[in-house]
Amino acid sequence: MVAKEAGKEPWRYSASGISIALRVTPRGGRDDIDGIEQLSDGRSVLKVRVRAIADGGEANKAVLVLLAKSLGVPKSSVKLLSGATSRLKQIAVDGDPARLGEALRRLASAKSTDQGN
């Protein structure tokens, strides 16, 4: 199953940037973006893993730093919107929406090579 249609991307564009639906794996062994996954309810999420543990917001901080670095934006441009205590999170990234969307597509497609679906 390929998440290429615009409605299947786990991010939404706004005037000030982009918001991203994530599924985070804390203590994932490395800090990385693992591509796009479709949840059982049909929503798409960007899969992210971090080495940090889910204690005291450490994993959330690691996710924000990873996204800022991966998208080439300052850490202050990346904010947690919802899901502070959940694996499913909404993140806002301020910046040029077209550039951010293209960067996310590149990051996700590099990892979302057909996984035998």
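The values are calculated or read from the model by the stated rules, or taken from the named source; none is laboratory data. Fair warning: this is a prediction, and the values are worked out from it, not measured in the lab. As a convention, Cβ positions derive from the backbone with ideal geometry for all residues, glycine included, and neighbour counts pool all protein chains shown. Calculation scope for accessible area: heavy atoms of the full protein, side chains included, ligands and nucleic acids excluded. Shrake-Rupley method; radii C 1.70, N 1.55, O 1.52, S 1.80 Å.
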Any chance residue 52 is open to solvent by less than 30 Å² (accessible area, probe 1.4 Å), touching a residue at least 12 places away in the same chain (Cβ under 8 Å) and in contact with a helix residue (DSSP H, G or I) (Cβ under 7 Å, 6 or more places away or on another chain): yes
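Across region 1-31, what is the total count of residues that are in a strand (DSSP E or B), of a type in the set (D, E, K, R) and either modelled with pLDDT under 95 or crowded, with 18+ Cβ neighbours inside 10 Å (or both)?
Let us first name the residues in region 1-31 that are in a strand (DSSP E or B), namely 11-13, 17-25.
Filter once more, so that each one left must be of a type in the set (D, E, K, R): 12, 23.
Those still in the list that are either modelled with pLDDT under 95 or crowded, with 18+ Cβ neighbours inside 10 Å (or both) too: 23.
Total satisfying the criteria: 1.
Residues to consider are 64, 81; find the one that is outside any loop (DSSP other than H, G, I, E, B), aliphatic (A, V, I, L, M), surrounded by 14 or more Cβ atoms within 10 Å (Cβ to Cβ) and out of contact with any Gly (no Cβ under 6 Å at 6 or more places or on another chain). I'd like the intermediate steps shown before the answer.
Values: 81 fails: surrounded by 14 or more Cβ atoms within 10 Å (Cβ to Cβ).
Exactly one residue qualifies, and that residue is 64.
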Within region 84-99, considering residues that are within 13 Å of residue 46 (Cβ to Cβ) and not polar (S, T, N, Q), the one most open to solvent (accessible area, probe 1.4 Å): 87
